[in-house]
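Please read the structure below before turning to the comments.
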Amino acid sequence: MELEIVRRIDSLKDIYEFIEAFFESNGTADPVRYPVHFVVEELFTNMVKYNPGNMNTVLLDIDTDGDGVKVMITDYDVDDFDVTRKRDVDIHAPLEERKVGGLGLHLVRHMVDKLDYHYEDRRSRITFTKGPG
């Protein structure tokens, strides 16, 4: 299933409903649901936040992958930003000593089974899979 998303934070409601409709029609297991919602929200929010002047839509594609799901998020006319690249995030430092940023992507990498990134011709495609186990 595909959804073309307007690049605005208030599109998160449409994204949530789209993903839930997919889950319902495919009988997706509960352990998959929360991580997929979290990861899509984090990635989409970053796309909106870090490309505020970009008026292109974002394409969300979700499909079954065994007992889990495979999600692709494609963003157009953007700079290269590899979400799979590890960044320095000290999750053990006290809050007042932590640097701002990076924690969301750190969580994304730990919540999915597989995370891939492809960039070509100013097009970014992030693909992840999440199974019930």
**Prompt:** So which residues in the stretch 80-133 are of a type in the set (Asp, Glu), more than 19 Å from PRO35 (Cβ to Cβ) and either modelled with pLDDT of 85 or more or touching a strand residue (DSSP E or B) at 6+ places or on another chain (Cβ under 6 Å) (or both), if there are any at all?
**Reply:** ASP80, ASP82, GLU120, ASP121
**Prompt:** Any idea which residue in the stretch 30-55 is nearest to the chain's Cα centre (by Cα), counting only those that are assigned to a loop (DSSP other than H, G, I, E, B) and surrounded by 15 or more Cβ atoms within 10 Å (Cβ to Cβ)?
**Reply:** ASN51
**Message:** If I ask for residues that are of a type in the set (Asp, Glu) and in contact with a strand residue (DSSP E or B) (Cβ under 8 Å, 6 or more places away or on another chain), which ones from the stretch 1-33 would you list?
**Reply:** GLU2, GLU4, ASP14
**Item:** Positions within the stretch 12-29 being under 14 Å from the mean Cα position of the chain (by Cα) and either of a type in the set (Ser, Thr, Tyr) or not in a helix (DSSP H, G or I) (or both), in sequence order
**Value:** TYR16
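Rundown of residues vs (1) under 22 Å from TYR117 (Cβ atoms); (2) touching a helix residue (DSSP H, G or I) at 6+ places or on another chain (Cβ under 6 Å), yes/no style:
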| site | (1), (2) |
| --- | --- |
| THR28 | no, no |
| VAL32 | yes, no |
| VAL36 | yes, no |
| TYR50 | yes, no |
| ILE62 | yes, yes |
| ASP65 | yes, no |
| VAL71 | yes, no |
| ASP80 | yes, no |
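The values are calculated or read from the model by the stated rules, or taken from the named source; none is laboratory data. Since the model is a prediction, treat every value here as computed from it, not as a measurement. No Cβ is skipped: glycine too gets one built from the backbone with ideal geometry, and neighbour counts run over all protein chains shown.
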